[in-house]
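Structure, as structure tokens:
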Amino acid sequence: MYNQYNQQKLDLVRKAREKWLESEFFLGFLRSEGNSVPEPTDEELLQWHQNLQRQT
Amino acid sequence: MAPEFTTSNLKIFRPDQINFNFGAPEKPTTPNEWFAQKYPEQIKKFGSPFLELSQPLDQFRVQIMPVSINLDFFAGVLGGRKDLGRHVIYYQPEMDWYFKDADGIYKPTTACKLANLYRALLMKCAGEMPGNIHLLNLFHEYRSEKISKSVILRAKSILQADASFFSAESKNQRVKGPELFERVARVFVEEMLSAEPGQILKLQEAYTFFRGLLKQRNLPDLTKADFKCIIGPLIRDQFNVALRNDLVGEGKELRGWKGVKLLTRTLPG
């Protein structure tokens, strides 16, 4: 059961990272040079994804 | 040999082709499908990204070539994807571009950066297409300066926001930088002045007009000395002329820029 939970979490992180990369591709071109953001941790990604779903 | 166009082999992407099932989306096989997968809202609003020509290569395969681009669609694409929390506007009171960054704050960007993004999206699409897609227009023609500029120009109206977008009552927050004067000065020089042999742009005339632009945007006034400091380098870069104190016009000595003309004496908007 733990493995199943772990796998679900990994899938969620993977989907969130795909969306984050897509979003950063867009933003990277618009930001001023030197203003890039660091890649988030898995937990930060999940939080970001949750906030996004709440907003949209 | 030039491709033969008939209505049967010219195709557009229709909104009802958008896949609404909740499984993993199929890999796109044409440029239209690629953009439709990423920007379904823009498909619904503006229609197909391209008109695509389909030509048989042999008994089993067809070659697909985008032959006409939908500027409105790509202007809409530059507005960003709501599902990713991205948003770009053309803020009409300042005639400038803003994008919503990851922290939710709107920050300034430029037309050139938007054009870079547009060209990068086309290149990304080209890089993910199968071998039967003719890439010439995606790679070259639609990424030209002329088409890029046309997309940005179209985006100015499609993504236009009025003063209420950043009003005191609005929930939209933006970064307000000290370079606001320079931004207005750039718009003044690039869009309201032109090169005109024999004409003189008088310093006083330019300064008065510029103060009107500032007032229109609820920006603070500035001294003539500060105005000269900001505008001088910009006019030099754009028209290759410096401010002169020895010009003669209307029977008297004038200070101004020779060979430059103010296009209108009426404030825009």
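The values are calculated or read from the model by the stated rules, or taken from the named source; none is laboratory data. Only a predicted model underlies this, so the values are computations on that prediction, with no experimental measurement involved. Positions of Cβ are generated from backbone atoms using ideal geometry, with glycine treated the same way; all protein chains shown enter the neighbour counts.
Being closer than 30 Å to B:Ser170 by Cβ and basic (Lys, Arg) is the filter; apply it to the stretch B:103-136 and report the residue that is nearest to the other protein chains (Cβ to nearest Cβ). I'd like the intermediate steps shown before the answer.
In the first step, residues of the stretch B:103-136 are kept if they are closer than 30 Å to B:Ser170 by Cβ; the result is B:103-118, B:121.
Still in the running and basic (Lys, Arg): B:107, B:113.
On the way: B:Lys107: 7, B:Lys113: 5 Å.
It comes out as B:Lys113.
Within the stretch A:41-52, can one find any residue that is out of contact with any Cys (no Cβ under 9 Å at 6 or more places or on another chain), within 13 Å of chain B (Cβ to nearest Cβ) and surrounded by fewer than 11 Cβ atoms within 10 Å (Cβ to Cβ)?
Within the stretch A:41-52, the subset out of contact with any Cys (no Cβ under 9 Å at 6 or more places or on another chain) is A:41-52.
Checking the rest, the ones that are also within 13 Å of chain B (Cβ to nearest Cβ) come to A:44-45, A:47-52.
From the residues that got through so far, the ones that are surrounded by fewer than 11 Cβ atoms within 10 Å (Cβ to Cβ) too are none.
There is no residue in the stretch A:41-52 that is out of contact with any Cys (no Cβ under 9 Å at 6 or more places or on another chain), within 13 Å of chain B (Cβ to nearest Cβ) and surrounded by fewer than 11 Cβ atoms within 10 Å (Cβ to Cβ).
Of the numbered conditions (1) among the acidic types (Asp, Glu); (2) over 25 Å from A:Trp48 (Cα atoms); (3) in contact with a strand residue (DSSP E or B) (Cβ under 9 Å, 6 or more places away or on another chain), B:Glu145 fails exactly one; give the number of that condition.
Of (1) among the acidic types (Asp, Glu); (2) over 25 Å from A:Trp48 (Cα atoms); (3) in contact with a strand residue (DSSP E or B) (Cβ under 9 Å, 6 or more places away or on another chain), only one is false for B:Glu145: (3).
Table: residues versus (1) crowded, with 17+ Cβ neighbours inside 10 Å; (2) under 12 Å from the mean Cα position of the chain (by Cα).
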| site | (1), (2) |
| --- | --- |
| B:Ala120 | no, no |
| B:Lys124 | no, no |
| B:Ile133 | yes, no |
| B:Leu138 | yes, no |
| B:Arg143 | yes, no |
| B:Leu153 | no, yes |
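Tell me the residue from B:Gln37, B:Gln42 that is within 14 Å of chain A (Cβ to nearest Cβ), polar (S, T, N, Q), closer than 18 Å to B:Pro15 by Cα and buried (at least 22 other Cβ atoms within 10 Å of the Cβ), please. Lay out the reasoning, then the answer.
Working: B:Gln37 fails: buried (at least 22 other Cβ atoms within 10 Å of the Cβ).
Checking each option against the conditions leaves just B:Gln42.
Out of all the residues in the stretch B:197-236, which are within 26 Å of the chain's Cα centre (by Cα) and outside any helix (DSSP H, G or I)?
B:Arg217, B:Asn218, B:Leu219
From the residues in the stretch B:158-196 that are among the aliphatic types (A, V, I, L, M) and in a loop (DSSP other than H, G, I, E, B), which one is modelled with the lowest pLDDT? Spell out the reasoning first.
We begin by selecting, within the stretch B:158-196, every residue among the aliphatic types (A, V, I, L, M); these are B:158-159, B:161, B:163, B:168, B:175, B:180, B:184-185, B:187, B:189, B:192-193, B:195.
Filter once more, so that each one left must be in a loop (DSSP other than H, G, I, E, B): B:159, B:168, B:175.
Working: B:Leu159: 98, B:Ala168: 67, B:Val175: 81.
So, considering only residues that are among the aliphatic types (A, V, I, L, M) and in a loop (DSSP other than H, G, I, E, B), the one modelled with the lowest pLDDT is B:Ala168.
Taking the stretch B:137-157 as the search range and keeping residues that are away from chain A (no Cβ under 14 Å) and among the polar types (S, T, N, Q), which one is farthest from B:Ile89 (Cα to Cα)?
This residue is B:Asn137.
Looking at A:Leu12, A:Leu21, which is the one that is more than 9 Å from chain B (Cβ to nearest Cβ), over 29 Å from B:Thr110 (Cβ atoms), assigned to a helix (DSSP H, G or I) and aliphatic (A, V, I, L, M)?
Working: A:Leu21 fails: over 29 Å from B:Thr110 (Cβ atoms).
After applying the criteria, what remains is A:Leu12.
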